[in-house]
Amino acid sequence: MRSGHRLGRRFGWLWGAYGTSALGTWLAFGAFPLIAIQVLHAGPAEVAALSSVGAAVGAAVAVPLGPWVEFRRKRPVLIAMDLVRFAALLTVPAAYALGVLTFPQLLLVSAVVAAADITFRAASGAYVKTLLPAEDLLVANARFESTAWTTTIIGPPLGGAAIGLLGPVVTVVADAVSHLLSALGIRAMGGHEPRPERREAGRMRAGDLLDGWRCILADEVLRPLFFNTALFNGLVMATQPLLAVLMLGRLGFAPWQYGLAFAAPSIGGLLGAQLARPLVTRFGQRRVLVAAGAARALWPVGLAFVGPGTGGLVLVTGVELGLIFCCGVFNPVHATCRLQLTAPGRVARTLSAWAVTAKASTALLTAAWGVLGALLGPRTAIALAGVLLLATPLLLPHRAADLSVGGALVEE
């Protein structure tokens, strides 16, 4: 990013709102499973369902929301989704205080928040594309990425301390309030947003639900990126529960060591996001996209070799540092490429379809790797995921046209 590159007051409000809600989300990281275990005495199957079923149901609910968002002003949608998350999350401490909290309520809140998250991401991507010129999209996405990794570093330790002192319900309140503050920040942006062109037919047809996927699959760059990111993210996330079982169980790491091994390497993501624009300026967007996308796939297989003691902790930290640094470079370039290649009237549908697929594939692969971990052992299942990840660079758009920072197509 160029030092001092200004994107305007309205983007500043949006950026601040994003950072506030992201910090709240990380403060409450792991709060729902802890509430399920400590308050509702839930078993392993219920805790797993809270993560996978909630996300899958939320993704299904979000499917019709993408086309719905496309033909509405995006800023009111962003505010509405923040308020939905605020209200849904606030029901948890309210029910807890009244002594009526149940596991189905946690599951329902998890699904509502997941659907609102997907809709918010789709609307925000479409809004950023109308808010900024094409040459500033990479700067904006790099700033979002830097903020995401910064809140990842700060949020979980603060949230863990708050949970230890005050209990997990308090961090859910903090998360809810962060979404309220985000809504107020977005409202404070001001400015005029033109109304999108209305659809030709007044009613939404069943076929409209698939428009986002049609846009993705019809593009020679978006199509391979879509399958690459869905498979990569799903496999990486699927190994996290198995790695927790391996490190906290069989290898005897303390919880603080486990947390440190994943929190400290987030600095790599912050550094990678800062380097994204300089690298694109020097080498071109396609080269950086392919190189960073391929490099991030090389690291996870190393997690299969983690051992006990200091050496094992250093290995996990080093692998995560390399992985997160490559993701920090890849993610803003990928997000910018996706916005540049999507027609203005189709951004919300495309981003919604992308997020729905990511949520669903992650839930499916996490469940599948849970079964594999039970059958083969966590180390073998982690190794298998690592080997499959080595093949994901084949899905990157190696022969596609390059996109300059300004969005013009340049054949290499």
Could you grab me the full set of residues in the stretch 264-284 that are under 12 Å from ASN331 (Cα atoms), over 17 Å from the mean Cα position of the chain (by Cα) and touching a residue at least 60 places away in the same chain (Cβ under 8 Å)?
GLN274, ALA276, ARG277
So, of the residues in the stretch 210-222 that are of a type in the set (D, E, K, R) and touching a residue at least 60 places away in the same chain (Cβ under 8 Å), which turns out to be farthest from LEU289 (Cα to Cα)?
ASP211
Tell me the residue from VAL139, VAL170 that is under 26 Å from TRP354 (Cα atoms), out of contact with any Gly (no Cβ under 8 Å at 6 or more places or on another chain), modelled with pLDDT of 90 or more and assigned to a helix (DSSP H, G or I), please.
VAL139
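Tell me the residue from LEU107, LEU101, LEU131 that is among the hydrophobic types (A, V, I, L, M, F, W, C) and either at positive phi or in contact with a Phe, Trp or Tyr (Cβ under 9 Å, 6 or more places away or on another chain) (or both), please.
Numbers: LEU107 fails: either at positive phi or in contact with a Phe, Trp or Tyr (Cβ under 9 Å, 6 or more places away or on another chain) (or both); LEU101 fails: either at positive phi or in contact with a Phe, Trp or Tyr (Cβ under 9 Å, 6 or more places away or on another chain) (or both).
Answer to the check: LEU131.
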Please state which one of PRO67, PRO93, PRO133 is under 30 Å from GLY164 (Cα atoms) and either out of contact with any Pro (no Cβ under 7 Å at 6 or more places or on another chain) or among the hydrophobic types (A, V, I, L, M, F, W, C) (or both).
PRO93
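Please find, among PRO133, PRO104, the residue that is open to solvent by 10 Å² or more (accessible area, probe 1.4 Å) and either more than 21 Å from GLY345 (Cα to Cα) or in contact with a Leu (Cβ under 9 Å, 6 or more places away or on another chain) (or both).
Sole residue among the options that is open to solvent by 10 Å² or more (accessible area, probe 1.4 Å) and either more than 21 Å from GLY345 (Cα to Cα) or in contact with a Leu (Cβ under 9 Å, 6 or more places away or on another chain) (or both): PRO104.
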Anything in the stretch 286-322 that is surrounded by fewer than 18 Cβ atoms within 10 Å (Cβ to Cβ) and touching a strand residue (DSSP E or B) at 6+ places or on another chain (Cβ under 8 Å)? List them, or say none.
ARG287
GLY252: passes all of (1) assigned to a helix (DSSP H, G or I); (2) surrounded by fewer than 15 Cβ atoms within 10 Å (Cβ to Cβ) but (1)
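Every residue in the stretch 285-308 that is outside any helix (DSSP H, G or I) and touching a residue at least 40 places away in the same chain (Cβ under 8 Å), please.
Our first condition is that a residue be outside any helix (DSSP H, G or I); within the stretch 285-308, this holds for 297-299, 306-308.
Within the stretch 285-308, ALA297, LEU298, VAL306, GLY307, PRO308 qualify.
Sort through PHE325, PHE283 and tell me the only one that's open to solvent by 40 Å² or more (accessible area, probe 1.4 Å) and modelled with pLDDT of 95 or more. Write out each step before concluding.
Values: PHE283 fails: modelled with pLDDT of 95 or more.
Being open to solvent by 40 Å² or more (accessible area, probe 1.4 Å) and modelled with pLDDT of 95 or more holds for just one of PHE325, PHE283, which is PHE325.
Hey, among GLY185, GLY159, GLY190, which residue is closer than 24 Å to TRP15 by Cα and in a loop (DSSP other than H, G, I, E, B)?
Every option except GLY190 fails the conditions.
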Screening LEU65, LEU34, LEU27, LEU23 for residues that are in contact (Cβ under 8 Å) with a residue 12 or more places away in the chain and farther than 19 Å from ASP117 by Cβ leaves only LEU34
Cross-chain or 6+ apart pairs with Cβ under 8 Å, the stretch 332-361 first and within 19 Å of LEU137 (Cβ to Cβ) and open to solvent by 10 Å² or more (accessible area, probe 1.4 Å), then outside any helix (DSSP H, G or I) and hydrophobic (A, V, I, L, M, F, W, C)
GLN340/LEU403; LEU341/VAL221; LEU341/LEU403
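The values are calculated or read from the model by the stated rules, or taken from the named source; none is laboratory data. This one's a predicted model, so the numbers in the text were calculated from it and none came from an experiment. Backbone-built Cβ (ideal geometry, glycine too); neighbour counts: all protein chains shown. Heads up: the accessible areas ignore ligands, DNA and RNA and are worked out on the full protein's heavy atoms, side chains in. Shrake-Rupley method; radii C 1.70, N 1.55, O 1.52, S 1.80 Å.
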